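Working notes, beginning with the structure itself.
Quick note: the coordinates plus some simple rules give every number you see, no bench work behind them. Keep in mind the model is a prediction, meaning the values are calculated, not measured. Cβ coordinates were reconstructed from backbone atoms using ideal geometry, including for glycine residues, and neighbour counts include every protein chain displayed.
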Amino acid sequence: MHPGVLHRRFLNDLSSSLFSFVLPLLPTNEELTVKEEVRGLIEKLIKTIEPSARLLSFGSSCNSFGLRNSDMDLVVLIDDPSAGIEPSHFVAMMGDLLERETNFDVKPLPKARIPILKLTLAPSPALPFGIACDIGIENRLAIENTRLLLTYATIDPARVRTLVLFLKVWAKRRRINSPYRGTLSSYGFTLMVLYFLVHVKQPPVLPNLQRIAPITPLSEEQVMLEGRNVYFFDDVETLRQEWSSINYEPVGELLIDFFRFFSHDFQFNNSVLSLRAGQLTKESKGWVNDIDVGGLNEMARDRNRLCIEDPFEVTYNVARTVTKDGLYTIRGEFMRATRILTQRPDRAVLALAELCR
Ligand code: ATP
Ligand code: MG
């Protein structure tokens, strides 16, 4: 058979294998229901401290990139400005309350840079993996970036969700998804995939939602939140009617191209990935990494090894946790993945299993 035909067949096989790989890893309806009940219960308790408080989910439980048994990300929003609540104080009060009133193991971190409360529930027959949950305070930007990710997923769920979910599983199995150990958060990997689909693929698979003008002019207050421009085009119905990609590559092909791009083409040393603005230079952002060696500067140096601009908090490097060794490992994994997918094109299922070993 002609090599081109064989290759096409492999790509289609890879795409259907990706769908089958991801499907059983999605959260069950039962899990979603239990988590929503837990959120409701905690919200009710928190309202006894501050009646105007609401408890919202963000992150993967509502951006459509959630995997089975993932952690819950929750945030308390306090709607009454006259309540005058100080986050670290509120975290401590919540900690006492939940300790008294629930079975959760409660760990307040009121002194952290962003004060949070960590809750865990040990595994039980009904919840074989238990529950782990972080509650932050007033982190309204997180709600907005969750909505942005969800809107991107909604434009082309079959390809976008499949790619992101697969890469999240891959990153976890290959142990390169530990911000505390020098590698990258799930949020960072998700931004890399979206950047690739918006700015690298030609023709693009996704539009740049932060650059599509609003249908009716918005007022300044509608767009600004905590001093950041959080505008993006979120009218999914209009997008569905008026925007469609002319890139029809199967998801398997996109996956290979993703790995290839980050193995060989992206200039990690001097480039910044910006979902908002495309490729930027570290220099233009002031995120240079070759300042002094030693002492405090040694830490500053490691902060900008990998640079991923947050979509709204544009002075913030989402990948600041990635160390020199961490980046070396991540790049090594991109190369390994490229090798596996391009050198063993007979059985896609086996290639995926090998990839995530
Ligand atoms: P997982 O299923 O692995 O928990 P996730 O989609 O919830 O994945 P996380 O990395 O847990 O991803 O991030 C959850 C949310 O927390 C993100 O949507 C984002 O709002 C915020 N977040 C996480 N990491 C960062 C970061 N480095 N910088 C800024 N915001 C972050
Ligand atoms: Mg999470």
Legend entry - Over region 1-154, relative contact order from alpha-carbon pairs under 8 Å, at least 6 apart, %: 21
Legend entry - For the chain, diffusion coefficient by Stokes-Einstein and Kirkwood Rh (Cα), 10 °C, 1.306 mPa s, µm²/s: 72
Legend entry - Backbone HN-Hα couplings from phi across region 152-157 [Karplus 6.51/-1.76/1.60, Hz, Gly and Pro as x]: 4, 5, 5, 5, 8, x
Inset, instruction - Tell me, rounded to the nearest percent, the portion of alpha carbon pairs in region 1-121 spaced more than 18 Å apart. - result: 63
Inset, instruction - Quick one: net charge around PRO214, please, counting Lys, Arg +1 and Asp, Glu -1 for every other residue with C-beta under 13 Å from its C-beta. - result: -2
Legend entry - Reach of LYS324 by Cα under 13 Å, taken over aspartates and glutamates that are not fewer than 8 positions away in the same chain: ASP290, GLU298, ASP302
Legend entry - Calculated on alpha-carbon atoms, Rg and Dmax of region 318-357 in Å: 12.8, 39
Legend entry - Using alpha-carbon coordinates, inclination of helix 251-260 to the longest axis of the chain, degrees: 90
Inset, instruction - Please report, largest first and rounded to whole Å, the three semi-axes of the ellipsoid equivalent to region 70-181, where each semi-axis is the square root of five times an eigenvalue of the C-alpha gyration tensor. - result: 29, 21, 14
Inset, instruction - Based on the mean of other Cβ atoms within 10 Å per residue, sort peptides 245-254, 217-226, 2-11, 315-324 so the most packed one is first. - result: 315-324, 245-254, 2-11, 217-226
Inset, instruction - Enumerate the lysines that LYS118 could reach by cross-link, defined here as Cα to Cα under 26 Å, with residues fewer than 8 away along the same chain left out. - result: LYS35, LYS44, LYS47, LYS107, LYS168, LYS172
Inset, instruction - Amide H neighbours of SER271 under 5 Å, at least 5 residues apart or on other chains, H built in the peptide plane: list them. - result: LYS282
Inset, instruction - Take every Cα pair under 8 Å in region 88-219 that's 6+ residues apart, average their separations, divide by the length, and report that relative contact order as a whole percent. - result: 12
Legend entry - Tilt relative to the chain, helix 186-195 - C-alpha long axis, 0 to 90 degrees, to 10: 50
Inset, instruction - Enumerate the calculated ³J(HN,Hα) couplings along region 98-115 in order (Karplus 6.51 cos²θ - 1.76 cosθ + 1.60, θ = phi - 60°), each rounded to whole Hz, writing x wherever the residue is Gly or Pro. - result: 5, 4, 6, 9, 10, 8, 5, 7, 10, 9, x, 10, x, 9, 5, 3, 10, x
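I want the antiparallel fraction of DSSP beta bridges within the chain, as a percent rounded to 5.
Taking every DSSP beta bridge within the chain, about 75 percent pair in antiparallel fashion.
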